[in-house]
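In what follows, a structure is listed as structure tokens, so that the remarks can point back to it.
Please treat every number below as a calculation from the coordinates, not as lab data. Every value quoted in this text rests on a predicted model; they were computed, and no experiment measured them. Reconstructed Cβ throughout: ideal geometry from the backbone, glycine too, with neighbour counts over all protein chains shown.
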Amino acid sequence: MPDTGDMLRTETPFPADLDMSWLEAPTDWGIAAKPGKRGLTLDEINVGSYGEVPLDSGDMTMRPRGAAPRDGVPRLGYHLAKNDVWSKNATLLYEEAVQRQWSSATDIPWDTLEELPDDVERAMSQLCTFLTEVEFIAGDTPSQWLPQISNEHYEVKLFLASQVMDEARHLDVFRKRALANGGGLMSGGPGTGLRAIISARDFSEMSAIMHIIGEGFIQSLFRSGELLSNSEAEKRMFRLAAQDESRHVSFGVMHMKHMLETEPERREEIHSYLDSGEKIFAGTGVSASGGSVESLGILLGGGVKHMDEGLKKLLAIRKRQVNEYMHRLEVAGLGDRRERMTSAFSPMLNPA
Ligand SMILES: [Fe+2]
Ligand SMILES: [Fe+2]
């Protein structure tokens, strides 16, 4: 059987000045990746040279990993090396994100919302206003790192793109809840803690503060969503958002683990990011910003009259947030954080 490549080279009917040099690209040819149990996933196509992830190729062009380089093409400003951004579960998390997308328009049983006492509706509307702000930052932040990550490390880019989509849905579902039951948006927050996330200058700093502290705390809060909810719609909203958040947190944990294993000399640097991140979140962050403490107290108590009881429950949630945070750090290989955690959190730690 004649070789198609040879035929094209010798028998092409097109004018001689056509550039057919791409046929000579010295790439891996003959690859036939096969679907696995979960289908044809990214892990299944990471075969041969296509699966070799360079630590730092120096290639800042748009060339996809495995394609042949070309002379004279422009750089695009990608400058981060593999260890700066890598997390070995990025492929798995991306595939899961694609499979588990949901629609705030049709997957939330909005018809289960019922009229609530005015104080409870206002508290939920305030919480949703605050959460909408949180979700804007959680989407804006990964998006500004995408143009810095090499195409050779595309797995991380795909995961972060899926996070941007998840956060778009989160901000939309909380906005919809605020507008769906006779309330509306309430007061914007001071944004101090959120600004620290988007202003981080290093990817691992950003990931430690956003994925592990910020989204970790939000994830623990969403997992307590049953306590905040007065309808199946609200329960589902928190449950589905929590499912997405667990991917974002998991990426951050595995990135930190990878970084500590490959560049152990950065350990103290990571502690320094956590020192400032914890202080920001203890003071003005997730649980103490823009009326969120008060609104959570009202929701957990079941009305402003029982806010004291609600604030006690909030303390239990805060304890859960701190202990789940510590557990994630242990998984990442930073168990020594227990001795160094900010004094605002450390009294809430369960014994090791
Ligand atoms: Fe989110
Ligand atoms: Fe998130």
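Assorted remarks:
- Checking each residue in segment 67-78 for being more than 21 Å from Trp29 (Cα to Cα) and exposed (fewer than 14 other Cβ atoms within 10 Å of the Cβ) picks out Asp71, Gly72, Val73, Pro74, Arg75, Gly77.
- When segment 226-251 is limited to residues that are within 13 Å of ligand 1 (Cβ to nearest atom), out of contact with any Gly (no Cβ under 7 Å at 6 or more places or on another chain) and not polar (S, T, N, Q), the one that is farthest from Glu96 (Cα to Cα) turns out to be Met237.
So that you can scan it fast, the table gives a plain yes or no per residue for (1) touching a strand residue (DSSP E or B) at 6+ places or on another chain (Cβ under 8 Å); (2) closer than 22 Å to Phe217 by Cα; (3) surrounded by fewer than 19 Cβ atoms within 10 Å (Cβ to Cβ); (4) in contact (Cβ under 8 Å) with a residue 12 or more places away in the chain:
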position: Leu80; (1), (2), (3), (4): yes, no, yes, yes
position: Ser104; (1), (2), (3), (4): no, no, no, yes
position: Ser125; (1), (2), (3), (4): no, yes, no, yes
position: Thr141; (1), (2), (3), (4): no, yes, no, yes
position: Pro147; (1), (2), (3), (4): no, no, yes, yes
position: Phe159; (1), (2), (3), (4): no, yes, no, yes
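- Subset of segment 205-232 that is touching a residue at least 12 places away in the same chain (Cβ under 8 Å) and of a type in the set (S, T, N, Q) - its residue that is nearest to ligand 2 (Cβ to nearest atom): Gln219
- Qualifying residue in segment 168-177 (condition: under 19 Å from Glu215 (Cα atoms) and basic (Lys, Arg)): yes
Here's the yes/no breakdown for (1) in contact with a Gly (Cβ under 7 Å, 6 or more places away or on another chain); (2) part of a helix (DSSP H, G or I); (3) farther than 24 Å from Gly277 by Cβ; (4) among the polar types (S, T, N, Q):
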| site | (1), (2), (3), (4) |
| --- | --- |
| Val293 | no, yes, no, no |
| Gly310 | yes, yes, yes, no |
| Ile317 | no, yes, no, no |
| Gln321 | no, yes, no, yes |
| Glu324 | yes, yes, no, no |
| Ser343 | no, no, no, yes |
